[in-house]
Amino acid sequence: MTTPVDASTFGRRTEWEGDASDTTGAPPTRDERADRAAATERYDAFLEGSPCHYACQPDDQVVRPALFRQQDHDVHKIDEHDVKQNQLDDCFLMATLAGLARTPEGRTVIENAVKENKNEKGDVVSYTVTLHKPEKSYGGLGAKTFTPVAVTVDGHFVCGHAKARMDGNGSEVWPLVIERAFQEYKDRDYGMCNGDDKKGGPPMIAMELLTGKEAKQTPLWSFAGFRSYSAERLQSDIDSGKIVVLDTKKQFENSNPYAIINFHAYVVTGTENERGTLYVNLHNPYGTGDVRVPYNDLENWFSSVDVGSVR
């Protein structure tokens with residue numbers, strides 16, 4: 001069983017000095033200690049001065065971790081229901097991961113992004129996640145380009161990390177691994193805790209870092225029958241396998257019949273036409289609280305839409 005360390009003390013080199021064994025029960029080697037120390041030193045720099053101090057909860061534990069595992073009634077080993085946001089304010093990342101897990105191309109991106117690093121005994125001691133750093137074009141002209149960035153993290157997760165999806169065989173941890181690498185890489189403007197900015201950043205940031213493809217955010221508005229994001233464009237983006245994430249408003253002016261969470265991100269999973277009304281199906285990255293909202297009602301609850309592609 002892997003027990004998370006409280007974020008207020010996580011990553012101190014002395015934590016590893018007193019670590020008697022790894023998850024297999026064998027004492028860590030000198031190389032493993034050095035790898036852990038290097039990884040946690042980087043995480044120290046991230047956590048220094050952070051106001052995030054999450055208390056460990058029972059569902060923060062990770063039992064017999066496996067990177068990918070086909071569970072329950074999953075058709076694929078990578079599934080949108082593997083993503084379960086917890087206490088970290090990273091819905092923009094979690095919604096993007098759920099969106100990627102919905103398509104064959106997205107699942108390939110996820111599987112190719114994470115590499116297990118094993119010791120001589122074959123035990124997994126760390127993971128390397130490939131992200132994609134956006135580069136500014138000269139003079140702001142031309143298409144945005146991306147440079148691959150490898151981020152290596154160990155298998156210890158801070159309290160409040162995404163919940164591992166569990167079954168009788170153990171825990172599936174790919175969302176936790178990517179979350180850990182993403183949070184370690186990103187600057188404080190899009191980190192684990194940012195004061196009043198509870199989303200941590202726009203989903204387009206996560207889309208670009210994960211896919212290496214340019215993504216866009218469009219504010220939602222309408223005027224004289226014209227909509228900034230039309231129903232036809234929404235359907236086209238879904239049909240072409242794009243990641244479509246809607247960002248809720250910071251505050252709602254009207255009563256909320258859909259129990260939508262404010263200042264949150266939902267991934268679009270499809271549409272339905274019922275008696276002439278177009279409905280948009282939305283998946284909540286918390287894993288519960290999925291909703292169906294009439295397309296014509298989106299602007300009351302959502303401020304913008306982020307669209308990314310893996311093609």
Q) Looking at V244, V280, V305, which is the one that is in contact with a Gly (Cβ under 9 Å, 6 or more places away or on another chain), within 29 Å of H161 (Cβ to Cβ), buried (at least 22 other Cβ atoms within 10 Å of the Cβ) and at pLDDT 95 or above? A) V244
Q) Looking at (1) within 23 Å of R311 (Cα to Cα); (2) β-branched (V, I, T); (3) in contact with a Gly (Cβ under 7 Å, 6 or more places away or on another chain), which is the only condition V124 fails? A) (1)
Q) Name the residues in the stretch 142-180 that are among the acidic types (D, E) and either more than 17 Å from A101 (Cβ to Cβ) or open to solvent by 30 Å² or more (accessible area, probe 1.4 Å) (or both), would you? A) D154, D167
Q) List, please: which pairs have Cβ atoms under 8 Å, are six or more places apart or on different chains, and start with a residue in the stretch 106-127 that is more than 22 Å from Y185 (Cα to Cα) and end with one that is part of a helix (DSSP H, G or I) and open to solvent by less than 20 Å² (accessible area, probe 1.4 Å)? A) N119/E32
Q: Have a look at A259, A231, A215 and point out the one that is at pLDDT below 95 and farther than 11 Å from S304 by Cα.
A: A259
Q. When Y190 is evaluated against the numbered criteria (1) within 20 Å of I243 (Cα to Cα); (2) among the hydroxyl-bearing types (S, T, Y); (3) at pLDDT 85 or above, which criterion, by number, is the only one it fails?
A. (3)
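The values are calculated or read from the model by the stated rules, or taken from the named source; none is laboratory data. Source: prediction; values computed, not measured. Glycine gets a Cβ as well: all are built from the backbone with ideal geometry, and neighbour counts include every protein chain shown. In case anyone asks, the SASA skips ligands and DNA or RNA and just uses the protein heavy atoms, side chains included. Shrake-Rupley method; radii C 1.70, N 1.55, O 1.52, S 1.80 Å.
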